[in-house]
Amino acid sequence: MNISPGLRRKLPLIVLVLVCATPAFGPYLLWFFWKPAEYSNYGELVQPVVLPDVALEPLVPALPTTPAALAAPTLRGKWFLVMADGAECDARCERKIWQLRQLRTMQGKEMERVERVWLIDDRGEPAARLHEPYAGTWVVRRPDKALLDALSVPQGGALRDHLWLVDPLGNLMMRYPPDADATRIRKDMTRLLKYSRIG
């Protein structure tokens, strides 16, 4: 291809202008002309909101001989997988508790950075059958309305259908759909734990 001498002299300037303009116009080109096949995260990012810093209680009731001096942890300092359901805990509820336990375990050496929380949204007490298999789960008995209201759900959705992820600063981050795919949730969490320097 023959390039005229005049164009050849201007070519470095044209390239320089294009390189300098890329940061300004590149995002617009990507926005309008590039549609990714899928987003990198499975969970739906929600409107950021700081959750009330409530105290957590162990699922297994404390024995009378347990020292009362131990400070109860709160929704701060670690990553929290959160669910809401009634104390009676039917099969679907129990599946969610099992899923939270498995998701934490699947983080391997990072599992100590993750906790699981059950918001018991009625006035009952969890059945004794849940104590041993799900020991280590934290509960919030009769959570404040402000806490439940902060857990966003899609229009027409139900609070008990979803799982949420809360960051170590207490910010609500992601909501997972009903009957969520645990493998895809694990990938979200693994990525967050890898790049996060908090919690």
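See the values below:
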read-out: Count of the range 77-101 residues which are surrounded by 14 or more Cβ atoms within 10 Å (Cβ to Cβ) and assigned to a loop (DSSP other than H, G, I, E, B); value: 5
read-out: Positions within the range 147-199 being of a type in the set (V, I, T), within 22 Å of P73 (Cα to Cα) and crowded, with 18+ Cβ neighbours inside 10 Å, in sequence order; value: V166
read-out: The one condition in (1) at pLDDT below 90; (2) in contact with a helix residue (DSSP H, G or I) (Cβ under 6 Å, 6 or more places away or on another chain) that T66 fails to fulfil; value: (2)
read-out: The range 76-120: number of residues that are among the aromatic types (F, W, Y) and more than 19 Å from M174 (Cα to Cα); value: 1
read-out: Qualifying positions in the range 133-151 - out of contact with any helix residue (DSSP H, G or I) (no Cβ under 9 Å at 6 or more places or on another chain) and either free of Cβ contacts under 8 Å to residues at least 60 places away in the same chain or within 24 Å of I198 (Cα to Cα) (or both); value: W138, V139, R142, K145, L147, D149, A150
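The values are calculated or read from the model by the stated rules, or taken from the named source; none is laboratory data. Owing to the predicted nature of the structure, the values given are computational and were not obtained by experimental measurement. When we count neighbours, we look across all protein chains shown, and the Cβ atoms used for this are built from the backbone with ideal geometry, even at glycine.
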